[in-house]
Amino acid sequence: MSPKRTVTLEIAGAKYRMTSDADEEHLRRLAEMINERIEGLGQKAQRTATPAQLLAVVALGLADDLLTAEQRRVHVEQVTRDSVSRAIARIDERLEG
């Protein structure tokens, strides 16, 4: 486990100091991803919304992405299980016949 250290990140125009044992460069990349999503909301949203509102919209988008990825993972696992089961059944049939 890495030692905890204080990192300052700028997100949505606000500076956040946090203590973490996570890799500082990793945290900076995550903050950059959030800022890119905020930029994607457009200039009007950036001018009229508070940092908290911007972060809420980005958080909802990230949560939606996570849910979609989880659903996709479950689907791929099921398709894989079904394919393996069918392959095993075909092998068993050939071995018996």
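Axis of helix 51-96 versus longest Cα principal axis of the chain: the two differ by about 10°, to the nearest ten degrees. Extension gain for LYS4 to ASP21 (0.36 nm times residue separation, less C-alpha to C-alpha distance): 5.7 nm.
Given the choices (i) 13.6; (ii) 17.2; (iii) 21.5, Kirkwood radius over Cα pairs in Å derived from the coordinates of this structure is entry (ii). Compute the helix-to-body angle for 24-40: its Cα long axis versus the longest principal axis of the chain, expressed 0 to 90° and rounded to tens. For 24-40 against the chain, the angle is about 80 degrees. The modelled label-to-label distance for the pair ARG86/GLN71, using points 7 Å beyond Cα in the direction of Cβ, is 2.4 nm.
Any read-out appearing in this document is the output of simple, stated calculations on the displayed coordinates, not a laboratory observation. Note that the structure is a prediction, hence the values are computed from the model and not measured. We place every Cβ from the backbone using ideal geometry, glycine too, and count neighbours over all the protein chains shown.
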